[in-house]
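Report on the structure given below.
Throughout, read-outs are computed from the coordinates displayed, never taken from laboratory work. Given the structure is predicted, the values throughout are model-derived calculations rather than measurements. A quick note on method: Cβ atoms are made from the backbone with ideal geometry, for glycine too, and the neighbour counts reach across all protein chains shown.
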Amino acid sequence: MAEREYIIAKQKRYEPSDMGRLVSDFLNTSFTDYISDEFTSNMENDLDAISNGSKSKKEVLDLFWSPLEEAVATTGEQVTRRDVNPQRLLGTDPETNKPIFARMTKNGPAVQRGDIDAGDTPEWGGLKEGQKLYSITLEEALSLFKTADNVLGTHPDTLEPIIVRETRYGPVVQLGSGDDGKKPKYVSLIKGENIEDVGLERALQYLSLPREVGQDPETGETILATMGPYGPYLKKGSQNYSLRKGSDPFTVDLVEALASIASKKGSGSINEFKNSNVKIKEGRWGPYITNGKVNVSVPKGMNPENLTEEECVALLAEKQKKKKGKKRKAKNKQ
């Protein structure tokens, strides 16, 4: 549970994280029969019956597993993204008259100004340490949108404001306010670097990316190091290559860059396995695993760069099994 970030350690005890609360609420809503005290009591009685020989393990397992498997499959077909990740309405922004929501995003708990369902282009603010989705107030949420507090200064060349802020895709350095109609430039922060620690000098470093590392001795192509929404990567010609774990786009040298390129296949690939058609790639909606026929998203909490081939094969097999199950059900309904 700690690895999946459902719980967090605090003062020698564990407490549920925002993600843990969301999962718990979903399970309580969608699998009520299995969360109830009655189910627990009946299961304890069945286990006692197995111990004294009045029931077999297979009999108990069949009675438990088959309905659960069917419930999981049915829920998987019917559940929506909003069911799993509901947004909590905090109130209305008095300045813009837009609704303010608290919700979970790919990069953690955040507040949102504007309603996507109503066609608004939302603004985002990441929750600070100690703030919770279930308790944050409207006043606290509104303070997270105040970019004036996050303006570090102006760029010496363009004279545009430099802002460090949270977005839907995580913390970024932003060049330009967008008030002049010009689209701002965004550069993602390195994972683990806090907004509070980024000053003007550091922000200018980010805005100086991409950085030229050197040239490929075989092709003569220039190798650039830069940052993307999913971390640091290298660019050589039209190909992109993820940097090795722990590498920094500001300090990576040519030797390290060539080693990263040699271990990857480019064009969005995060990892490939020798003599295998299994690949881990970057997609529009995040990293995913593919064997050319089946695609499956890398589960939240798993680092795509650390996945083994065996883990990838297991995830693909699980996805294939679910697809076959849905096809069988559809066929039976005809």
Relative packing of peptides 257-263, 64-70 - highest average C-beta neighbours within 10 Å first: 257-263, 64-70
Partners for residue 323 among aspartates and glutamates (Cα-Cα distance below 17 Å; same-chain residues under 8 apart left out): 69, 70, 77
Positive dipole terminus of the chain, leading residue within 36, 60, 301 (C-beta point charges): 60
Ordering of 100-110, 49-59, 114-124 by packing [mean C-beta count within 10 Å, highest first]: 100-110, 114-124, 49-59
By average C-beta atoms within 10 angstrom, highest first, the peptides 276-283, 172-179: 172-179, 276-283
log₁₀ of I(q)/I(0) at q = 0.14, 0.16 Å⁻¹ - the chain, Debye sum with one point per alpha carbon: -1.34, -1.49
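Got the relative contact order for segment 81-227 handy, in percent, Cα pairs under 8 Å and 6 or more residues apart?
For segment 81-227, the relative contact order is 13 percent.
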Interatomic Cα distance distribution for segment 87-143, bins of 5 angstrom, percent: 4, 21, 36, 24, 12, 3, 0
Computed [θ] at 222 nm, helices only, for the chain once each DSSP H run of length n ≥ 4 contributes -39500 (n - 2.57): -10000 deg cm²/dmol
Of the DSSP H helices in the chain, those whose Cα atoms cover at least 20 Å axially and whose Kyte score averages -1.0 or more: 37-52, 57-78
The chain: relative contact order in percent, alpha carbon pairs under 8 Å with at least 6 residues between: 7
Selected from 11, 121, 313, residue furthest toward positive end of dipole (the chain; charges at beta carbon): 313
Largest to smallest principal axis extent of the C-alpha atoms in segment 7-83, angstrom: 43, 39, 17
Percentage, to the nearest whole number, of Cα pairs in segment 147-207 over 18 Å apart: 25
Cβ charges +1 (Lys, Arg) and -1 (Asp, Glu), total dipole of the chain, debye: 1480
Within segment 87-143: Cβ-based charge dipole about Cα centre, in debye rounded to nearest 20 (Lys, Arg +1; Asp, Glu -1): 280
Label-zone membership for segment 101-129, site residue 202, 7 angstrom Cα→C-beta point, backbone N under 16 Å: 129
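Report relative contact order for segment 147-207 in percent, whole number only (criteria: Cα-Cα under 8 Å, sequence separation at least 6). Display every interim value, and only then the final one.
Working: 89 pairs, mean separation 16.2, N = 61.
That works out to 27 percent.
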